[in-house]
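**Q** I'd like to ask you about the structure that follows.
The values are calculated or read from the model by the stated rules, or taken from the named source; none is laboratory data. A quick note: this is a predicted structure, and the numbers were derived from the prediction, not measured. Cβ placement follows ideal geometry from the backbone for every residue including glycine, while neighbour counts extend to all protein chains displayed.
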């Protein structure tokens, strides 16, 4: 009788394991929620919604986007982590939750609590200024403020942008007066209105520079922009700082590996479609290397980069 009970128990366990494997293979069997860090209409929001639509087509279930803006992506991460880790709640943010926030804020999660699925796209980050001041480089902007014996007024949308511009000020011996703004469009308006000397914005720099509305002084990213290859990076101008702005799709820790891999493969397929290429063109953003392995590599590099910058 005892052996019979053991046999039935073992068969029951095998049945549960087989059932779980089948459920993971069938994922998704119902709608999936993607929590994004951006407000409605921002580039991250628009990219997330277009990718959600493509994932719906690829995987056969609705991918529904909800907005949870604030705290550099932390609110979106927290909202995702509060849900069950069953593969039906994901998030999209920029790189901050994987690096800068972990190193500078008290957060409720660790690096290993976030499981990358894929990058979505890369957004250029640019240091911009008015057309009529004659500045051609970042050093020109700081030199002008120094010559006038005044702080350099900088428009910023996050703490990382502020810290980079402050650190350049320390190198150049110029004090910096940050002017916080709610997003790139607000920074652009502040620059055009003459209320700030320079600012750091995303992809809107491309179209406005080409339209001769602003001057782009540098790429704050680790590489030059594909659409403005003549603009040197901060590093090429002598400042060893970067503000890379990729968008990443990820799950919370605890989601079965099979589900993460299936989502990763779906993103790799999406990257080869005309719909994805059209999205990049429409949003003035750049393609990112797709899939889980590339996303993991990107966040690890970002963490080490910001740790070195902050001296931690």
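**Q** Is it the case, given these coordinates, that residue 93 is assigned by TED's automatic domain parsing to the domain that holds residue 192 and closer than 19 Å to residue 242 by Cβ?
**A** The answer is no for residue 93.
**Q** One residue is enough: does segment 285-295 have a residue meeting the conditions outside any helix (DSSP H, G or I), out of contact with any strand residue (DSSP E or B) (no Cβ under 9 Å at 6 or more places or on another chain) and farther than 14 Å from residue 118 by Cα?
**A** Taking every residue of segment 285-295 in turn, none turns out to be outside any helix (DSSP H, G or I), out of contact with any strand residue (DSSP E or B) (no Cβ under 9 Å at 6 or more places or on another chain) and farther than 14 Å from residue 118 by Cα.
**Q** Quick one: which residue in 299, 255 is assigned to a loop (DSSP other than H, G, I, E, B), surrounded by 15 or more Cβ atoms within 10 Å (Cβ to Cβ), in the same structural domain as residue 96 (by TED's automatic domain parsing) and modelled with pLDDT of 95 or more?
**A** Only one candidate passes the filter, namely 255.
**Q** Let me ask something else about it. Evaluate the following for residue 29: is it at pLDDT below 95 and farther than 30 Å from residue 241 by Cα?
**A** no
**Q** Scan segment 127-141 and tell me whether some residue there is closer than 18 Å to residue 38 by Cβ and modelled with pLDDT under 95.
**A** Checking segment 127-141: not a single residue is closer than 18 Å to residue 38 by Cβ and modelled with pLDDT under 95.
**Q** Still on this model: Anything in segment 142-161 that is assigned to a helix (DSSP H, G or I) and either touching a strand residue (DSSP E or B) at 6+ places or on another chain (Cβ under 7 Å) or under 15 Å from residue 129 (Cα atoms) (or both)? List them, or say none.
**A** Across segment 142-161, the qualifying residues are 142, 143, 144, 145, 161.
Per-residue answers, yes or no, for (1) part of a strand (DSSP E or B); (2) within 19 Å of residue 100 (Cα to Cα); (3) in contact with a helix residue (DSSP H, G or I) (Cβ under 9 Å, 6 or more places away or on another chain); (4) not assigned by TED's automatic domain parsing to the domain that holds residue 115:
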| site | (1), (2), (3), (4) |
| --- | --- |
| 51 | no, no, yes, no |
| 61 | no, no, yes, no |
| 66 | yes, no, yes, no |
| 75 | no, yes, no, no |
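**Q** Same structure again: Taking the condition of being more than 17 Å from residue 70 (Cα to Cα), part of a loop (DSSP other than H, G, I, E, B) and touching a strand residue (DSSP E or B) at 6+ places or on another chain (Cβ under 8 Å), how many residues in segment 179-200 meet it?
**A** 4
**Q** Identify, from the list 184, 193, 173, 169, the residue that is buried (at least 22 other Cβ atoms within 10 Å of the Cβ) and either under 27 Å from the mean Cα position of the chain (by Cα) or farther than 19 Å from residue 124 by Cα (or both).
**A** Unique residue meeting the criteria: 184.
**Q** Same structure again: I need a count of the residues in segment 33-48 that are surrounded by fewer than 20 Cβ atoms within 10 Å (Cβ to Cβ) and not in a loop (DSSP other than H, G, I, E, B).
**A** 3
**Q** Being under 15 Å from the mean Cα position of the chain (by Cα) and surrounded by fewer than 20 Cβ atoms within 10 Å (Cβ to Cβ) is the filter here; which residues of segment 68-83 pass it?
**A** Within segment 68-83, 69, 70, 71, 75 qualify.
**Q** If you don't mind, another one. Counting only residues that are within 26 Å of the chain's Cα centre (by Cα) and either within 16 Å of residue 208 (Cβ to Cβ) or free of Cβ contacts under 8 Å to residues at least 40 places away in the same chain (or both), how many does segment 125-158 have?
**A** Adding up the residues that qualify gives 7.
**Q** What residue, of 84, 106, is at pLDDT below 95 and not assigned by TED's automatic domain parsing to the domain that holds residue 226?
**A** One residue alone meets the criteria, 106.
**Q** Taking into account only those residues within segment 99-118 that are surrounded by fewer than 24 Cβ atoms within 10 Å (Cβ to Cβ) and touching a strand residue (DSSP E or B) at 6+ places or on another chain (Cβ under 8 Å), which is nearest to residue 292 (Cα to Cα)?
**A** It comes out as 116.
**Q** Of all the residues that make up segment 235-252, how many are surrounded by fewer than 19 Cβ atoms within 10 Å (Cβ to Cβ) and under 14 Å from the mean Cα position of the chain (by Cα)?
**A** 0
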